[in-house]
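These notes are about the structure you will find just below.
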Amino acid sequence: MRDEVTSGRPLSVGALSQRIAGALGDLGMVLVQGELSQAKVHTSGHFYATLKDSEAIISVVMWRSTVVRNGPLPKEGSLVTVRGSVSVYALADLLHSIRARFPRMPVVHAPCAVQGPDAPAQIVAALARLAAHPEVDVIICGRGGGSLEDLWAFNDERVVRAIAACPKPVISAVGHETDTTLADLAADLRAKTPTSAGEMVVPDARELAERLDDGAIALERAMQVLMQAWRERLESLASHRALAGPGYAVEMRRQRLDELAARLDDAIDRALGEARKTLREAGSRLKIQHPARRIGVLSERLLTDGRRLLRSAGTRRERGEARFLALAAKLDALSPLAVIARGFSMVRTPDGRVVRTLAEAPPGSRIEARLGDGWLLAQVDGVRTQRLNEPADLYSAE
């Protein structure tokens, strides 16, 4: 190992684990004394615990077969002496579970301290490296079991925030099933143990191979069914009389032509019928509106209106004559000539002004007097006023 390190050639994680396991295997069986902590029997029957003193802490496991043979197990806090072998645990088990399920699955390892004052910063840095790695799909953040003090780095606020903000899914696999940290609550998923985390993220290659085989078989069957269906379809089309020769196609076209010809004849008959109907209706309307009939109607109306006009004209003339005679009689009764004919006269000056007072015809003036049968020309020699109860003399000299 020293030669590979000094030569600059990197070791794989598996190779390093194997070297560590080999070195620890040289110790053989050892006896270790310490205080028992975190003791629990898993549902699988295995017994997990930690053994600690004032200087260090290690994880221990007793397999189910040994648990059954040993009888009652020691209680939490007991001072015990443990006999067993020393080997690599957490990381080796995780890689083993991944390799067992999918041997060719690539794994990127970001080592860092998981306890102590420098652990939180190193954990945060490791998370950042893995999140930036282009081939990393999911991150397992884990370590082996321990006391509350040993796991305290995974309760640190920096670690919890880094897990919550990680852009890639994070599975927390801190300690055993009974250990709970804030990192478990911030992660996308919590695994009971690192081994369980490996089983969660990696599919079983054998199961995938079986599913692929099943899929290939189903695909082949589906293709056979589809090909058989198309084969039958092709055979059906090949035996169709439309492909037997051009005669069938010609007959089909001829039948179609006959159908179109019949439809054309029907359409022509319908069009002619509509045209005849329209012509008859137009002839009826034209007959009703013929000028001869119109002239006869108007002539009859003209004769009727003429007779009515003559009767109306005669009636209006008779009424006019009667009214004229009445008005003439009334006018004659009111005419000054009628008054003059009864012995009165009208006097006027030569220029046509009617004389109404003595002042309008002073002595020496010429006057005209209208009599029943003509005009009397005279000259005023004098005037006299009329007295009461005295007959009036038109002309008198004073």
Within the set of pairs 6 or more residues apart or between chains, which connect a residue that is without any contact (Cβ under 8 Å) to a residue 40 or more places away in the chain inside the range 43-66 to a residue that is part of a strand (DSSP E or B) and of a type in the set (Phe, Trp, Tyr) with Cβ atoms less than 6 Å apart? Val61/Tyr48; Met62/Phe47
Residue among Val347, Val383, Val339 that is of a type in the set (A, V, I, L, M, F, W, C), outside any helix (DSSP H, G or I) and at pLDDT below 85: Val383
Please indicate, with yes or no, whether at least one residue in the range 222-245 is under 47 Å from the mean Cα position of the chain (by Cα), part of a helix (DSSP H, G or I), of a type outside the set (D, E, K, R) and at pLDDT below 85. yes
Given the criteria in a helix (DSSP H, G or I), hydrophobic (A, V, I, L, M, F, W, C) and farther than 30 Å from Gly374 by Cβ, does Leu327 qualify? no
For the range 173-195: of the residues being in contact with a strand residue (DSSP E or B) (Cβ under 7 Å, 6 or more places away or on another chain) and assigned to a helix (DSSP H, G or I), which is nearest to Val41 (Cα to Cα)? Pro194
Go through Phe344, Phe324 for me and flag whichever is of a type outside the set (Asp, Glu), in the same structural domain as Ala369 (by TED's automatic domain parsing), surrounded by 10 or more Cβ atoms within 10 Å (Cβ to Cβ) and without any contact (Cβ under 8 Å) to a residue 12 or more places away in the chain. Phe344
Those residues that are over 20 Å from Thr50 (Cα atoms) and outside any helix (DSSP H, G or I), I need them from the range 142-171; list them, please. Asp156, Cys166, Pro167, Lys168, Pro169, Val170, Ile171
From Ala205, Ala197, residue being surrounded by 16 or more Cβ atoms within 10 Å (Cβ to Cβ) and either touching a residue at least 12 places away in the same chain (Cβ under 8 Å) or on the phi > 0 side of the Ramachandran plot (or both): Ala197
Does any residue of the range 128-148 turn out to be in contact with a Cys (Cβ under 7 Å, 6 or more places away or on another chain), at negative phi and not β-branched (Val, Ile, Thr)? yes
Only one of Asp269, Asp332, Asp305 is closer than 30 Å to Leu371 by Cβ and without any contact (Cβ under 8 Å) to a residue 24 or more places away in the chain; which? Asp332
May I ask you to list the residues in the range 158-193 that are in contact (Cβ under 8 Å) with a residue 40 or more places away in the chain and in contact with a Ser or Thr (Cβ under 8 Å, 6 or more places away or on another chain)? Ala173, Gly175, His176, Glu177, Ala183, Ala187, Ala191
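The values are calculated or read from the model by the stated rules, or taken from the named source; none is laboratory data. Everything quoted here is computed from the prediction, not taken from an experiment. We place every Cβ from the backbone using ideal geometry, glycine too, and count neighbours over all the protein chains shown.
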